[in-house]
1. Kindly provide the set of residues from region 77-125 that are open to solvent by less than 60 Å² (accessible area, probe 1.4 Å) and within 18 Å of Gln45 (Cβ to Cβ), ordered by number.
2. Please work out which residue is nearest to Pro134 (Cα to Cα), limiting yourself to region 6-40 and to residues that are under 19 Å from the mean Cα position of the chain (by Cα) and open to solvent by 50 Å² or more (accessible area, probe 1.4 Å).
3. Tell me which residues, restricted to region 196-216, are out of contact with any strand residue (DSSP E or B) (no Cβ under 8 Å at 6 or more places or on another chain), of a type in the set (A, V, I, L, M), more than 14 Å from the ligand (Cβ to nearest atom) and open to solvent by less than 40 Å² (accessible area, probe 1.4 Å).
4. Taking region 20-50 only, how many residues are assigned to a loop (DSSP other than H, G, I, E, B) and either more than 15 Å from Thr61 (Cα to Cα) or within 16 Å of the ligand (Cβ to nearest atom) (or both)?
5. Say whether the condition of being hydrophobic (A, V, I, L, M, F, W, C) and closer than 14 Å to Met84 by Cα is met by at least one residue in region 17-34.
6. Of the residues Ala149, Ala157, Ala165, which is of a type in the set (A, V, I, L, M), surrounded by fewer than 20 Cβ atoms within 10 Å (Cβ to Cβ) and more than 13 Å from the ligand (Cβ to nearest atom)?
7. Can you name every residue in region 78-102 that is in a loop (DSSP other than H, G, I, E, B) and either within 15 Å of the ligand (Cβ to nearest atom) or touching a residue at least 40 places away in the same chain (Cβ under 8 Å) (or both)?
8. State the number of residues belonging to region 175-195 that are crowded, with 23+ Cβ neighbours inside 10 Å and part of a loop (DSSP other than H, G, I, E, B).
Amino acid sequence: MKIIVSKNHDESSLKVALIMSEIINSSKNPVIGLATGGTVVNVYQELVNLYNERKLSFKNTKTINLDEYIGIAPTHEQSYRYFMNSNLFDKIDIDINNTFVPIGNNSDTDKALADFQYQLDNNDRDFQLLGIGPNGHIAFNEPDKYLHANAHMISIAATTIEANARFFASKDEVPKKAFTQGMGDILKAKSIALLATGENKANVIKSLIFGDDVSTDNPSTFLKMHADTTIFIDENLANIIGYK
Ligand code: F6R
């Protein structure tokens, strides 16, 4: 695992965007795994900037997202499909048919999961972008006795509902379940970049960076078993956890 410390979160975001841009520009048919959440908004803005400067085209790119809330429509402002469209897809030259986000209001959840797994099984990711939850979750793989390898349905942890309530009118409106990629599929991506900022991520980032344990209590620690993972943090977070 490589650790890259940047001056601030904007600089981390630019570095990640440039890595993604290089992978996209140098592959014939790149497949890129995407994440949502506050941490990655700036990465998408940087990708849009590169596109506007004509340094990047998404014409041949396919994307697969990590997860989606269950029970809200793709048009809902807090759905991850809406997030992706408004932060990235609507602003670049990607073919929207080449973007996959599970459909959260599909009443046939078995079919939704089968479609999700089909995409993962048939599109090897060149790169996976990740954020991390304050409890160490990756996608919606929440700390538990077991983690799962493949796409599955999960009950969102109470701490995550609390953390994500900032995007909704109230905590009660945060969906309680989600579709998520499993850890096995995430670890199949050729290279992975995890981006983290903020004091509330300090504990989990500390045990990810310093500890040797791989534990379902902190799902991010499974990244230690991946051959090409880079953790991007800013100086503020590095100082809090004592990383030099
Ligand atoms: C979302 C996802 C989540 C977020 C995590 C951090 O697709 O995969 O694991 O990365 O919840 O969210 P923020 O960035 O809002 O702190």
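1. Within region 77-125, Tyr80, Phe83, Met84, Asn85, Ser86, Asn87, Leu88, Phe89, Ile92, Asp93, Ile94, Thr99 qualify.
2. Of the residues in region 6-40, the ones under 19 Å from the mean Cα position of the chain (by Cα) are 9-24, 30-40.
Of the ones still in play, those that are also open to solvent by 50 Å² or more (accessible area, probe 1.4 Å) are 10-11, 14-15, 18-19, 22.
Values: Asp10: 20, Glu11: 21, Leu14: 23, Lys15: 23, Leu18: 26, Ile19: 25, Glu22: 30 Å.
Among them, the one singled out is Asp10.
3. Keep residues of region 196-216 that are out of contact with any strand residue (DSSP E or B) (no Cβ under 8 Å at 6 or more places or on another chain), which gives 198-204, 206-207, 210-216.
Subsequent filtering for residues that are of a type in the set (A, V, I, L, M) retains 202, 204, 214.
So of that shortlist, the ones also more than 14 Å from the ligand (Cβ to nearest atom) come out as 214.
Within region 196-216, no residue meets the criteria.
4. Kept after step one, since they are assigned to a loop (DSSP other than H, G, I, E, B), are these residues of region 20-50: 27-30, 35-37.
If we keep only those that are either more than 15 Å from Thr61 (Cα to Cα) or within 16 Å of the ligand (Cβ to nearest atom) (or both) as well, we get 35-37.
Selection size over region 20-50: 3.
5. So in region 17-34, the residues hydrophobic (A, V, I, L, M, F, W, C) come out as 17-20, 23-24, 31-32, 34.
Filter once more, keeping what is closer than 14 Å to Met84 by Cα: 32, 34.
Yes, some residue in region 17-34 is hydrophobic (A, V, I, L, M, F, W, C) and closer than 14 Å to Met84 by Cα.
6. That would be Ala149, the only listed residue that is of a type in the set (A, V, I, L, M), surrounded by fewer than 20 Cβ atoms within 10 Å (Cβ to Cβ) and more than 13 Å from the ligand (Cβ to nearest atom).
7. Listed by number, the residues that qualify are Gln78, Ser79, Leu88, Ile92, Asp93, Val101, Pro102.
8. Of the residues in region 175-195, 2 are crowded, with 23+ Cβ neighbours inside 10 Å and part of a loop (DSSP other than H, G, I, E, B).
The values are calculated or read from the model by the stated rules, or taken from the named source; none is laboratory data. If you're wondering where the values come from, they're calculated on a predicted model, not measured in any experiment. Counting neighbours? That spans all protein chains shown, and the Cβs are built from the backbone with ideal geometry, glycine included. Please note that ligands, DNA and RNA were not included when accessible areas were found on the heavy atoms of the full protein model with its side chains. Shrake-Rupley method; radii C 1.70, N 1.55, O 1.52, S 1.80 Å.
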